[in-house]
Amino acid sequence: MARTQSADYDQRREAIVERAAHLFATSGFRGASVSDLAIACETSKSLLYHYFPSKEDVLYEVMSSHIDQLCEDVDDVMQRKDEPTVLLHALIHNFMRHYIGAADRQKVLLNELDNLPSDRRETIVAKQRRVIDAVQSLLERIDPGLADPARARVQTMLLFGMINWTHTWFDPKGPVSADAIADMALAHFLPGKNPIQAS
């Protein structure tokens, strides 16, 4: 008989994802065994398999939960009726807040993509492109000099390059906030424009 779901199934599943994100971020996906994951989650391997059929399924959930949040940021911001500069500020601020709040998941997303099966990797990459495309569309609207798509893509990736790796050095308890860092990054791409503090 199949095991029935407990009342706190979703909470326990999310707890596994959270601890797996930390384990994969610190030890690497290949460096962490299912036994290591069970120890990190303070549970048994058999119970882990009740929530996830394989270690790759856990990895996919770590990545998809994070990129889905960024896609939600895009959906939320892009439906607003504001100037593109305001929308870009709101989007980059939201990204930074979620990067800082999910630093382990961000690190796993950036470093472990090749360890996913090809179909799931394609799903994650498609969502990443949607996020990148949204930022590029705003930059193109803001700067007429980015009419060349290749140049616009490079400009977009430079912006992401500035914010994507903040998890490696940023201290949330330090004197500079995530919002301030977002403004600093944006200032390099919006010359002559005063950063707008997004809500």
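Readers should treat all values here as calculations from the given coordinates under stated rules, not as data from a laboratory. Note that this is a predicted model, so its numbers are computed, not measured. Ideal geometry is used to build each Cβ from the backbone, glycine not excepted, and the neighbour counts take in all protein chains shown.
Numbers at a glance
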item: Scaled radius of gyration (Cα, divided by 2.2 N^0.38 Å) that the chain gives; result: 1.15
item: Stokes-Einstein translational diffusion, segment 56-169 - Kirkwood Rh over all Cα pairs, 0.692 mPa s, 37 °C, in µm²/s; result: 223
item: Estimated distance in nm for a label pair at THR123 and GLU72, the labels positioned 7 Å out from Cα along Cα-to-Cβ; result: 1.7
item: Compactness index (Cα Rg / 2.2 N^0.38 Å), segment 4-115; result: 1.24
item: Theoretical FRET efficiency, 1/(1+(r/R0)^6), r = Cβ-Cβ of ALA180 and LEU110, R0 25 Å, to 0.05; result: 0.65
item: Volume per residue of the C-alpha convex hull in segment 51-107, rounded to whole Å³; result: 78
item: Net charge, ARG105 excluded, C-beta distance under 13 Å - Lys, Arg +1, Asp, Glu -1; result: -4
item: Cβ-based net charge around SER33, under 10 Å, with every Lys or Arg adding one and every Asp or Glu removing one; result: +2
item: GNM result for the chain, Cα springs below 10 Å: residue of ALA20, ALA185, ALA40 fluctuating most strongly; result: ALA40
item: In sequence order, calculated HN-Hα J values of segment 12-20 (Karplus, 6.51, -1.76, 1.60; Hz; x Gly/Pro); result: 5, 5, 5, 4, 5, 4, 5, 6, 5
item: Between 0 and 90°, nearest 10: helix 178-187 axis offset from the chain longest Cα axis; result: 40
item: Cα-centre dipole for the chain with unit charges at Cβ (Lys and Arg positive, Asp and Glu negative), debye to 20; result: 240
item: Cβ-based charge dipole, the chain, positive-most Cα from ILE181, HIS66, VAL108; result: VAL108
item: Positive minus negative residues near SER177 (Lys, Arg vs Asp, Glu; Cβ under 14 Å); result: -1
